[in-house]
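The values are calculated or read from the model by the stated rules, or taken from the named source; none is laboratory data. Quick caveat, the model's predicted, so the values are computed rather than measured. Methodologically, a virtual Cβ is constructed for each residue, glycine included, from the backbone with ideal geometry; neighbour enumeration extends over all protein chains shown.
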Amino acid sequence: MSTEQSTNQPLWIQDRDTVISNDANVEWRYQTRPDYSHTNQYLKQQSQYQHLEGSLEAIVQNLVRAFEMEASYKINP
């Protein structure tokens with residue numbers, strides 16, 4: 001997502017790394033931000049589809065990835 005597009009959209013449908021970097025007042029389950037660098041690398045390599053930025057498919061993918069991160073790593077999502 002471009003910077004201009006991402007600032008107009010709610011945080012919870014933006015890229016997971018953007019959600020993680022905006023962690024004001026967040027209590028992390030393991031007292032540190034999660035590191036998804038390996039997962040991001042494999043996703044790019046193994047993904048069958050490259051969704052267009054801002055498309056419904058890209059938004060759903062971002063939403064699911066952000067939900068998984070919040071459920072797994074935040075004490076109070």
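Values as computed for the structure displayed
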item	result
Members of the stretch 32-49 that are over 16 Å from Ala66 (Cβ atoms) and in a helix (DSSP H, G or I)	Ser37, His38, Gln41, Tyr42, Lys44, Gln45, Gln46
Given (1) among the charged types (D, E, K, R); (2) without any contact (Cβ under 8 Å) to a residue 12 or more places away in the chain; (3) farther than 22 Å from Ile75 by Cβ; (4) not in a helix (DSSP H, G or I), index of the condition Glu57 fails	(4)
Test: Glu4 is among the charged types (D, E, K, R) and at pLDDT below 85	yes
Residues that are part of a helix (DSSP H, G or I) and surrounded by 14 or more Cβ atoms within 10 Å (Cβ to Cβ), drawn from the stretch 13-31	Ile13, Arg16, Asp17, Thr18, Val19, Ile20
Residue list for the stretch 60-77, filter: part of a helix (DSSP H, G or I) and among the hydrophobic types (A, V, I, L, M, F, W, C)	Val60, Leu63, Val64, Ala66, Phe67, Met69, Ala71
Subset of the stretch 35-71 that is over 17 Å from Trp12 (Cβ atoms) and hydrophobic (A, V, I, L, M, F, W, C) - its residue that is surrounded by the most Cβ atoms within 10 Å (Cβ to Cβ)	Leu43
